[in-house]
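Chemist: The structure's right below; bear with me while I get my questions together.
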Amino acid sequence: MTRLLLVEDDSAIAEPLSRALDREGYTVTRASRGMDALSIAAGPDPIDLVILDLGLPDLDGLEVARRLRKGGLESPILILTARADEVDAVVGLDAGADDYVTKPFRLGELQARIRALMRRSQATEETGDSFDVNGVTLDVAARRAYADGEELSLSAKEYDLLTVLVREAGSVVTRDDLMREVWGAEWWGSTKTLDMHISWLRRKLGDDATDPRRITTVRGVGFRFETGTES
C-alpha cells in the first residue's frame with residue numbers, strides 16, 4: 001500500500017485531507033512540524049511520497065525538503081504553499097521538490113498531482129539505455145545525468161524533462177507533448193511550471209538563456225535539445 005507523509009500544521013487542512021487520501025487507498029502518516037517529518041522519514045518504514053507545507057512552525061518547508069534530499073529520500077515531494085510569489089515555488093523545486101500546489105487548492109487537483117507523481121516514481125526504466133548528446137550523458141537505468149562529465153543534481157521532473165528533450169535531440173518537442181509526458185494527462189494548470197523547469201535545467205546545464213547551446217526555445221511551439229553537430 002502506498003504510504004504518504006503529510007506535513008501540515010493546520011489541522012483544518014490536514015484532517016480532511018488525510019481522510020480524503022485514506023479513502024483513496026493511501027496510508028497517511030501525519031506530522032505538524034518539520035523535525036517530526038524528518039524523524040519519520042528517517043525511520044524504518046519507507047515513505048512513497050511527501051506532501052509538504054512550506055509554512056511550518058519550526059523549520060521552513062524548503063529547509064525540510066533540502067534535509068530530506070540530503071538524508072537520501074528519493075520519493076517525490078509535493079509542496080503546499082500559500083505564497084503567491086512564483087519565485088518561492090521555483091526555489092522550492094530547486095530545493096528538491098517535484099511539484100507544488102498553491103492554496104487554496106481543489107482536492108481533485110491535488111489527487112491528480114499525487115497520482116501523476118506516483119506513476120512516474122513507480123515506472124520501470126529500460127535497463128541498459130543511455131544517451132550521450134552535446135556533452136550531456138544520461139544513464140537511464142540509474143536515473144543519473146551528467147554534463148561535461150560532472151553529475152547533475154536534478155529533481156525527478158527535471159530529470160524526466162531532460163530525458164525527453166535529449167531522447168528527441170534535434171527535433172522540436174511541443175509544450176503539450178512535454179506536459180503530457182512529464183506531468184501526465186491529468187495536468188490542471190498552465191505551462192508556466194514548464195518554463196520554470198526549463199529555466200532551472202538550463203542553469204544546471206550551464207546554458208545561457210539568451211544564447212543557449214543546448215536547450216533552444218522555439219517560440220510558440222516548444223523546445224529543442226541541440227545535437228551540437230552543427231558548425
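The values are calculated or read from the model by the stated rules, or taken from the named source; none is laboratory data. Predicted model, so just to flag it, every value in this text is computed and none were measured. We place every Cβ from the backbone using ideal geometry, glycine too, and count neighbours over all the protein chains shown. Surface accessibility is based on the protein's heavy atoms, side chains included, excluding ligands, DNA and RNA. Shrake-Rupley method; radii C 1.70, N 1.55, O 1.52, S 1.80 Å.
Chemist: Which of Gly135, Ala145, Thr174 sits farthest toward the positive end of the charge dipole of the chain, with +1 on the Cβ of Lys and Arg and -1 on the Cβ of Asp and Glu?
Modeler: Of the candidates, Thr174 comes out farthest on the positive side.
Chemist: As an exercise, take the mean of 1/r over every pair of distinct alpha carbons in region 130-225, invert it, and state the Kirkwood radius in angstroms.
Modeler: Result for region 130-225 stands at 13.4 Å.
Chemist: Label Arg144 and Ser199 with points 7 Å out from Cα along Cα→Cβ: what is the distance between them in nm?
Modeler: 3.1 nm
Chemist: Could you list the residues of region 26-46 with an amide nitrogen less than 19 Å from a label point located 7 Å from the Cα of Asp58 in the Cα-to-C-beta direction?
Modeler: 29-45
Chemist: Spin-label point model (7 Å from Cα, Cβ direction): what's the Thr191 to Asp211 distance in nm?
Modeler: 2.7 nm
Chemist: How many lysine pairs are close in the chain, with Cα atoms under 21 Å apart and the two 8 or more places apart or on different chains?
Modeler: 6
Chemist: Separate question: Please work out which option in (i) -0.34, -0.43, -1.38; (ii) -0.38, -0.47, -1.26; (iii) -0.37, -0.45, -1.14 gives log10 I(q)/I(0) by the Debye sum over Cα atoms at q = 0.09, 0.10, 0.17 Å⁻¹ calculated from these coordinates, and answer with its label.
Modeler: Only one option fits the structure, namely (ii).
Chemist: Let me have the 222 nm mean residue ellipticity of the chain computed from DSSP H runs of 4+ only, each contributing -39500 (n - 2.57), with the sum over all residues rounded to the nearest 500.
Modeler: Rounded to the nearest 500, it is -11000 deg cm²/dmol.
Chemist: Quick query: amide H of Ile215 versus all other amide H atoms, modeled in the peptide plane; which residues come in under 5 Å with a sequence gap of 5 or more or a different chain?
Modeler: Here Glu226 satisfy the definition.
Chemist: If you place +1 on the Cβ of every Lys and Arg, -1 on the Cβ of every Asp and Glu, and leave all else neutral, what size is the dipole of the chain about its Cα centre, to the nearest 20 Debye?
Modeler: Using Cβ point charges on Lys, Arg, Asp and Glu, the chain gives about 340 debye.
Chemist: How much accessible area per residue does the chain have, in Å², with a 1.4 Å probe?
Modeler: 49 Å²
Chemist: How many percent of the accessible area of region 130-225 is carbon or sulfur, using a 1.4 Å probe?
Modeler: Carbon and sulfur atoms account for 44 percent of the accessible area of region 130-225.
Chemist: Express as a percent, rounded to the nearest 5, the fraction of DSSP beta bridges in the chain (both residues included) that run antiparallel.
Modeler: 50 percent
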